[in-house]
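*Asks:* Just dropping this structure here.
The values are calculated or read from the model by the stated rules, or taken from the named source; none is laboratory data. Everything numeric here is computed off the predicted structure, so don't read it as measured data. Note that each Cβ is placed from the backbone with ideal geometry, even for glycine, and that neighbours are counted across all protein chains shown. Areas reflect the complete protein model, heavy atoms only, side chains present, ligands, DNA and RNA absent. Shrake-Rupley method; radii C 1.70, N 1.55, O 1.52, S 1.80 Å.
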Amino acid sequence: MPLALSGPRRPALAQMLHYAFRPEEAVQRNIVRYGSTHWIKSFAGPVLATASPDHARRIFAADPDTFATFAAVSLSGVLGERSVLVTHGPEHRRQRKLLTPPLHGPRLRAFGEQMRAIALDHVARLRESQTLRAHDLTTEFTLDVILRTVFGVESGSELRAILLGMLEGFSPLAVFAPMLQRPWFPPFRKYLAAREAFYASLDRLIAERRRSGTSRGDVLSLLLEARYDDGAPMDETEIRQQLLTLLIAGHETTAISLAWVLDYVLRRPEVLTRLIDEVRGQTDPDAIAKLPYLGAVIDETMRISPVVTDAPRLTRVPFELEPGLVIPAGTPVIVLIEGIHRDPSIYPDPGRFRPERFLERRPSPTEFLPFGGGHRRCLGAAFSEHEARIFLATLLSRAELETVSPTPSARVRRNVTMGPADGVPLRVRGLR
Ligand code: HEM
């Protein structure tokens, strides 16, 4: 490791557990002691960790062939080796070119009405005085959005039950430890069985689409119609793996983020009042997509409680992080989203929830990076933001909610995400 940088000497296991379970504390401690870019230890050897926006910019702007996927082996055991989260280099670029249009621009706007109809449906099921966990509500909502917009099916379909079984059986251990991705490990065996059921159901959907020959505008239909530059379609193995990836990358993340927003705003009457004033009466998804305070509240939530703590990479060739500082090939590199979002020189009083900061100054892409950056930036960022805005505008303009728990939710790790430990319990005070 280059001598110019240092890092904690504690054993790898201690450092990994600290980072996994208390990322805010681990990251802040390392930044204070060793600087914003430092080495940490892992079972995979030394990892370069950076909370420097300047280093993040160099990493994100580097030639895409500089990096491969970090933990490709574990990820491919779960998602398949053709998943866009696993591939790198030209294959990865080719895939992103096909996966980007269905999740952006006019397609995304067309999903807005469907997202709103689903939000209305979930809000209509709420009852006065009911208590519920925000995370349950947002999980149901985001699952129905994915079913409708990605798979083109209604919430009553067989696919919903299959997806729920698969997501519930997902074990963090099997994600992080490839040696446990074996049929003798019961959670992984269960996951494999659920994944087979998912693929079988998806194959039936694909056959149906091909028979009917009509496009329904959902991501599945769009991918069946899409062609690579050489005119070839995406084959069925790849479609299976990409849809599984969109489901796993896009479902829990958005559900957690929405639960965090409710945890923050319901504890702050001044924020809630301003938010309700802005969203009340707004029914047009395109107008909702432009509401400034709503956007600021979502951004401030993702700044202070990022759902994903870091953007990982693996160097394939020596990489010059700054003049004279070369990181060898084969080194894991992580951009500490968590650390940058709590940097007091970018965000004064960083522990304070203050959405106005996003109205006063727009941070740069490497100062605010809940969706990572560069060639691997989250493919669902715009989709997720649209969905979050529509859900919150619909919910808060129709339901009067209050928090039930006296203390803010603690952050706990769930797979790669950091979610609220208690699921954010709340009560429906009234319905408008
Ligand atoms: C609040 C919600 C979400 C958060 C916080 C989030 C965060 C992230 C992050 C940090 C990355 C890694 C980026 C990097 O390495 O630079 C990522 C990748 C990805 N996300 Fe998301 N995501 C969210 C929602 C979604 C949704 C809704 C979808 C799909 C519908 C999605 C699909 C993906 C995919 C496919 C990748 C892999 C991109 C690649 O490796 O090229 N995400 N996401």
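*Asks:* In this structure, does residue 98 turn out to be touching a residue at least 60 places away in the same chain (Cβ under 8 Å) and within 24 Å of residue 234 (Cα to Cα)?
*Replies:* Yes, satisfied.
*Asks:* Moving to a separate point now. Show me the helices (runs of 4 or more DSSP H) entirely contained within region 240-315 in which 3 or more residues are open to solvent by 40 Å² or more (accessible area, probe 1.4 Å).
*Replies:* Here the list reads 269-279.
*Asks:* Test of understanding: among 117, 197, 110, which residue is part of a helix (DSSP H, G or I) and more than 24 Å from residue 384 (Cβ to Cβ)?
*Replies:* 197
*Asks:* Could you run through region 80-107 and say how many residues are under 22 Å from residue 315 (Cα atoms), in a helix (DSSP H, G or I) and open to solvent by less than 30 Å² (accessible area, probe 1.4 Å)?
*Replies:* Number of matching residues: 3.
*Asks:* On to the next question. Consider residue 73 carefully, then state whether it is part of a helix (DSSP H, G or I) and either of a type in the set (Gly, Ala, Ser) or within 16 Å of the ligand (Cβ to nearest atom) (or both).
*Replies:* For residue 73, the condition - part of a helix (DSSP H, G or I) and either of a type in the set (Gly, Ala, Ser) or within 16 Å of the ligand (Cβ to nearest atom) (or both) - is met.
*Asks:* If a residue counts only when it is under 30 Å from residue 124 (Cβ atoms) and in contact with a Lys or Arg (Cβ under 9 Å, 6 or more places away or on another chain), which strands (runs of 3 or more DSSP E) contained entirely in region 324-431 have at least 1 such residues?
*Replies:* 399-403, 417-420, 425-431
*Asks:* Between 167, 205, which is in contact (Cβ under 8 Å) with a residue 24 or more places away in the chain and either within 16 Å of the ligand (Cβ to nearest atom) or touching a strand residue (DSSP E or B) at 6+ places or on another chain (Cβ under 7 Å) (or both)?
*Replies:* 167
*Asks:* Name the pairs whose Cβ atoms lie under 7 Å apart, with the first residue in region 283-305 and farther than 14 Å from residue 268 by Cβ and at pLDDT 95 or above, the second of a type in the set (Asp, Glu) and part of a helix (DSSP H, G or I), and 6 or more positions between them or separate chains?
*Replies:* What qualifies is 285/113; 291/278; 294/278; 298/385.
*Asks:* Can you confirm whether residue 376 is open to solvent by 10 Å² or more (accessible area, probe 1.4 Å) and either over 27 Å from residue 95 (Cβ atoms) or more than 8 Å from the ligand (Cβ to nearest atom) (or both)?
*Replies:* no
*Asks:* Looking at region 358-377, I want the residues that are farther than 13 Å from residue 337 by Cβ and modelled with pLDDT under 95 and have a partner that is open to solvent by 20 Å² or more (accessible area, probe 1.4 Å) and near the ligand (Cβ under 6 Å from one of its atoms) with Cβ atoms under 6 Å, at least 6 apart or on another chain. Which pairs are those?
*Replies:* Pairs found: none.
*Asks:* Just to be sure before I move on: is residue 391 within 16 Å of the ligand (Cβ to nearest atom), among the aromatic types (Phe, Trp, Tyr) and open to solvent by 10 Å² or more (accessible area, probe 1.4 Å) in the structure I sent?
*Replies:* no
*Asks:* Could you grab me the full set of residues in region 394-432 that are open to solvent by less than 10 Å² (accessible area, probe 1.4 Å) and among the polar types (S, T, N, Q)?
*Replies:* Listed by number, the residues that qualify are 394, 417.
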